[in-house]
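Contents: one structure, followed by commentary.
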Amino acid sequence: MLSPRVQRSVLVTGATGIVGSEVCRWLRERPELAVTAVSARGSAEDGVLAWRMGVDEPPESLCRHWDVVVNAAASTRWSMTEQEALTANVRSVEALHRLDPRPGLLVHLSTTHVIGLRGSVESPRLADYHNSYEWSKAAAERFVRGHFPGTVILRFPIVLGRRRDGEIARFTGFFKLLKAIASGMMPAIVGLPHAYLEMVSVDDVARAVTRIVTESRTDLTMVLGRAERAPTVDHVFELLFSVINSWRAGRGVAELARPPLLHPDRWDRFFLPFARQHLSPAQQRVIDVFSEFRPYLAMTEPLPASEVVGEVSSVIRRTVACWAQRNPAAASAIPQAWS
């Protein structure tokens, strides 16, 4: 009688997040892997244990050796304070030492933008990054490289829905722009039409993680993206408005006018001083919130990519259509003029 095949134990952290949930789905389809999932709040319905990494001690059941740990635990908010970013994205990685200091393989999920303003993760200075998110992810990369030999770091940019249907666990980050534009909260977009705007599908990321785990690849940094073939800012917004207006037309809702795309210099010299002087505090807070997107809408040099993904125009279309279907009130909103 043949002995049953021994499964490799895999721990996935951040398993209820946009990327973590998709990674879990892909890995659980592999019979040779025994997957355990955790997240800050957990989810009994999805078989996810609760562990606030970097805050609480790990559940006793996790304190064992793991063949593979996939670390998808992170906060991607660009507006975090330094302490919030450290807790979410650095202390959470340090907490992996409480399980076992040497998992067989650590797959650490990071961001393409981790190289900040200097093109490197080596600087510990917040001023060398666009925001606290990039800064904390760079610190996390330095930590795992120093404490987990053989680590694979997987970097990726803005995440869209699945390639086949645009589905995604939650619409956050970039898709806040759509809601803001539809409501009239964002009367102009600050960026460059020819700038590169890197995007990948959530299953591009899950596929890459699955390949790393099943092929036991070690000691490398993999970067997903399109590089010089990435879509431009102008092309992305053209697709966004084409899909959303098609959706609105089918429901008898007036077409959504595309806000002007303003050059950052023009915005700083003419419009921002006027806004600071004449707009309400609430409107100025909106400006400040959406200024977080500005660095990513003005990148004139393509980001590096070691693993080139397929075209993303069709993925953008499917994801926007999915967003509209799941958020009909926001998608059909009538913009209110600023006064």
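The values are calculated or read from the model by the stated rules, or taken from the named source; none is laboratory data. Predicted, not measured: the structure shown is a model, and the values here were computed from it. Here the Cβ positions follow ideal geometry from the backbone for every residue, glycine too, while neighbour counts run over all protein chains shown.
Within the range 161-194, being in contact with a Pro (Cβ under 6 Å, 6 or more places away or on another chain) and assigned to a loop (DSSP other than H, G, I, E, B) holds for GLY184, PRO187, ALA188.
Selection of the range 137-159 for residues being buried (at least 20 other Cβ atoms within 10 Å of the Cβ) and either closer than 14 Å to ALA73 by Cα or not hydrophobic (A, V, I, L, M, F, W, C) (or both) yields LYS137, ALA140, GLU141, VAL144, THR151, ILE153, LEU154, ARG155, PRO157.
Each row is one residue, and each column tells you yes or no for (1) more than 30 Å from LEU178 (Cβ to Cβ); (2) not in a loop (DSSP other than H, G, I, E, B).
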position: ARG91; (1), (2): yes, yes
position: ARG102; (1), (2): yes, no
position: SER110; (1), (2): no, yes
position: VAL114; (1), (2): no, yes
position: ARG118; (1), (2): yes, no
position: PRO124; (1), (2): yes, no
position: ALA139; (1), (2): yes, yes
position: GLY150; (1), (2): yes, no
position: VAL159; (1), (2): no, yes
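Tell me whether the range 239-252 contains one or more residues that are loosely packed, with under 14 Cβ neighbours inside 10 Å, at pLDDT 95 or above and either touching an Asp or Glu at 6+ places or on another chain (Cβ under 8 Å) or in the same structural domain as SER120 (by TED's automatic domain parsing) (or both). Within the range 239-252, one or more residues are loosely packed, with under 14 Cβ neighbours inside 10 Å, at pLDDT 95 or above and either touching an Asp or Glu at 6+ places or on another chain (Cβ under 8 Å) or in the same structural domain as SER120 (by TED's automatic domain parsing) (or both). Per the listing PRO157, PRO149, the residue uniquely modelled with pLDDT under 95, within 30 Å of GLY104 (Cα to Cα) and not small (Gly, Ala, Ser) is PRO149. Listed by position, the helices (runs of 4 or more DSSP H) contained in the range 224-313 that have at least 3 residues being in contact with a Ser or Thr (Cβ under 8 Å, 6 or more places away or on another chain) and touching a residue at least 24 places away in the same chain (Cβ under 8 Å) are 233-249. Selection within the range 39-73: residues that are among the small types (Gly, Ala, Ser) and in contact with a Lys or Arg (Cβ under 7 Å, 6 or more places away or on another chain). The member of this set that is modelled with the highest pLDDT is ALA50.
Filtering the range 108-136 to residues that are charged (D, E, K, R) and either in contact with a Pro (Cβ under 9 Å, 6 or more places away or on another chain) or buried (at least 17 other Cβ atoms within 10 Å of the Cβ) (or both) leaves ASP128, GLU134.
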